[in-house]
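The values are calculated or read from the model by the stated rules, or taken from the named source; none is laboratory data. Everything quoted here is computed from the prediction, not taken from an experiment. Backbone-built Cβ (ideal geometry, glycine too); neighbour counts: all protein chains shown. To get the accessible areas, we keep the full protein, side chains included, count just its heavy atoms, and leave off ligands, DNA and RNA. Shrake-Rupley method; radii C 1.70, N 1.55, O 1.52, S 1.80 Å.
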Amino acid sequence: MTAELPPGLALQKVDERIMTLNVGPQHPGSGHMRIIVQIDGDYIVACDPDPGYVHRGEEKMAEYRNYITNIPHLERPVIHDSCNILYPYVLGVEELLGIEVPERAKYIRVIASELNRCIYTMYWLAIYGIFLGHSTMFMWPAGDRELLIDLMEKMSGARVTHAHFVPGGVRNDLPPNFEDVCLRQVNYFEKRIKEYAAIFYDNPILIARTEKTGILSRQDAIRLGTTGSVLRASGVDYDLRKKEPYDVYDELDFQTNVLKEGDSYARSKVPWLDMMESCRIIRHALEKMPKSGSVRVKLKPNPKGGDDSVYKRVESGRGSLGCYIVSDKKPEPYRVKLSVGSFRNLIALPYLLKGEKLGNMPSVYWSLNYWPVEADR
Amino acid sequence: MGTATGIIKALNSGIKHIAIKRFTLRYPEEKLKFVGDGYQFDPSTGVGIAGLKGRHMLFHDHCTGCQLCSIACEGVAEAIAMVKVPDQQTQNKKSIMPQIDYGKCVFCGLCVDACPFYALYMTNDYELSSFSKEGLIYTPAQLAVKPYVTQDSEIKITDRGATHG
Ligand code: SF4
Ligand code: SF4
């Protein structure tokens, strides 16, 4: 058949053995994104991730709201990690407006951000469990997450989307008796996540399914620009909390977790080890925090920045999260650009899936610590 | 570690959980207890008071009709509309007060931060579901009512695990 094709379109030659499969965008596992895989029998020959189904225009919206009213919508892309996604924005606005944050507020922000990292990672782990058909590993993290959600709700008044960080500190001081409750629940939480080792991380069935699948070498991890747990699972010791400490991270005692293997198993283990480190950070921060003092500096209504731009980044649950803000002497920012870890890790997916079995796709895909809504902004 | 020992260990870890207490909160019968009476804001210090960000509460004897809450919400959700109220308050010359549409509100509490006259707080009431869209719009008179809430369940940590009780 030689019918004329409209300009710009071309027919693709189809190999008889190759089948194209769309995973998503309505697939419960893929989240709001589509992965186009081409399979030959049971093996993947090519993979094309197709994000963008939940683009919300957060960056454009930020140009029409002032520095304070930007807060509620900017945390929407990752509602489980809403403190961490606001963190670079708030740090950037503080630098633009020249605000010095009180010491106690810095500690509260670190505690809130670590709690949020754990809340996000537990949710991610629950989904990882159900991806591998391990329904206990869905129930336990989903339940134990409640301990920390309860703490965040006491601290900020909302279970998710806390809108707690503002330029100049945090919205409110800790409720009375919070330190004791926090210490008790975080200690119990740490005990609980250690129990996941026997049922999940040391489980031979899980190891057989995830070990040596989707190996990302150290060179590739750096070359592709991956970040966060994906990078650390490939043997690169890079954690922004250590490399570019913000707020009070340089005064706290913690270490980064680095594994060498770079396979799905290592990528699923690093966030779990990070959670234990987060528990240590929270305990240490609670101990070192000034017991009283101001938590928020009063701003003028509708604060304006100068003719300036600023780039700040923090370590979120999914890796480095950057925020670039340009101001032009108006109460609204001229431009807000978010650089998110999810999107940068997704680039590795086509490389990892090539030659893998189709059955390994879910474990490799979710081990990249990918959050579709964040990637689309 | 051999495969068999690993599987037995994993099973054992699950079986041990039969003896552990249930963590589930039986929601409509039990309700979580929150700290304080809801999120409040002190304009003199510029710092909020911790509490749940639930349904708002409006104090008619403080509200001056200055519209600052509605201006704050314009950038967030446009949930607040200023409406005429029948009751005469000396401090409220124009007799207008906020009316909140909970179909739009995202419970960020920025309107509470914006009110300079201690007139708008948030409460522990989060059960706002309604059968119609109109039912979600709360007039100033409805907002003035202090909600009746019974919430007493807290997370308890015992040797046999955590429970809500
Ligand atoms: S809580 Fe936020 S969204 Fe709701 S009325 Fe107040 S400012 Fe608007
Ligand atoms: S509630 Fe507060 S901010 Fe809103 S109109 Fe009344 S006094 Fe003004």
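Per-residue answers, yes or no, for (1) among the small types (Gly, Ala, Ser); (2) under 30 Å from A:Gly214 (Cβ atoms); (3) buried (at least 19 other Cβ atoms within 10 Å of the Cβ):
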residue	(1), (2), (3)
A:Gly24	yes, yes, yes
A:His32	no, yes, no
A:Ile44	no, yes, yes
A:Ser82	yes, yes, yes
A:Ile85	no, yes, yes
A:Arg109	no, no, yes
A:Asn116	no, yes, yes
A:Met122	no, yes, yes
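Just to verify a result, which residue in segment B:77-98, among those that are within 17 Å of the chain's Cα centre (by Cα) and either part of a loop (DSSP other than H, G, I, E, B) or not aliphatic (A, V, I, L, M) (or both), is nearest to ligand 2 (Cβ to nearest atom)?
B:Ala79
With respect to the conditions (1) surrounded by fewer than 24 Cβ atoms within 10 Å (Cβ to Cβ); (2) farther than 22 Å from B:Gly46 by Cα; (3) not small (Gly, Ala, Ser), A:Tyr128 falls short on a single one, namely (1). Against the numbered list (1) open to solvent by 60 Å² or more (accessible area, probe 1.4 Å); (2) over 16 Å from the mean Cα position of the chain (by Cα), B:Lys33 comes up short only at (2).
Scanning segment B:60-76 for residues that are more than 8 Å from ligand 2 (Cβ to nearest atom), more than 10 Å from chain A (Cβ to nearest Cβ) and open to solvent by 60 Å² or more (accessible area, probe 1.4 Å) gives a single hit, B:Asp61.
The residue that is nearest to the other protein chains (Cβ to nearest Cβ), counting only those in segment A:159-182 that are among the hydrophobic types (A, V, I, L, M, F, W, C) and over 19 Å from A:Arg296 (Cα atoms), is A:Val181.
If I filter segment B:27-59 down to residues being among the charged types (D, E, K, R) and over 20 Å from A:Asn177 (Cα atoms), which single residue comes out as farthest from ligand 2 (Cβ to nearest atom)? Checking each candidate, the answer is B:Glu29.
Let's see how each residue does on (1) in contact with a Cys (Cβ under 7 Å, 6 or more places away or on another chain); (2) open to solvent by 10 Å² or more (accessible area, probe 1.4 Å); (3) more than 14 Å from A:Leu231 (Cα to Cα):
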position: A:Ser339; (1), (2), (3): no, yes, yes
position: A:Arg344; (1), (2), (3): no, yes, no
position: A:Leu349; (1), (2), (3): yes, no, no
position: A:Glu356; (1), (2), (3): no, yes, yes
position: A:Asn360; (1), (2), (3): no, yes, yes
position: A:Val364; (1), (2), (3): no, no, yes
position: A:Tyr370; (1), (2), (3): no, no, no
position: A:Asp376; (1), (2), (3): no, yes, yes
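Pairing each residue of segment A:305-318 that is within 23 Å of A:Met275 (Cα to Cα) with any residue that is part of a strand (DSSP E or B) and open to solvent by 50 Å² or more (accessible area, probe 1.4 Å), provided the two are 6+ apart or on different chains, yields no C-beta distance under 8 Å. Scanning segment A:108-142 for residues that are more than 20 Å from the chain's Cα centre (by Cα) and of a type outside the set (A, V, I, L, M) turns up A:Gly133, A:His134, A:Ser135, A:Thr136, A:Trp140. Residues in segment B:43-59 that are among the hydrophobic types (A, V, I, L, M, F, W, C) and in contact with a helix residue (DSSP H, G or I) (Cβ under 8 Å, 6 or more places away or on another chain) were compared, and the one that is surrounded by the most Cβ atoms within 10 Å (Cβ to Cβ) is B:Leu52.
Residues in segment B:99-127 that are at the interface with chain A (Cβ under 10 Å from one of its Cβ atoms) and among the β-branched types (Val, Ile, Thr) were compared, and the one that is farthest from ligand 2 (Cβ to nearest atom) is B:Val106. Only residues that are farther than 20 Å from B:Arg55 by Cβ, open to solvent by less than 40 Å² (accessible area, probe 1.4 Å), in contact with a strand residue (DSSP E or B) (Cβ under 8 Å, 6 or more places away or on another chain) and not small (Gly, Ala, Ser) were counted in segment B:81-120, giving 1.
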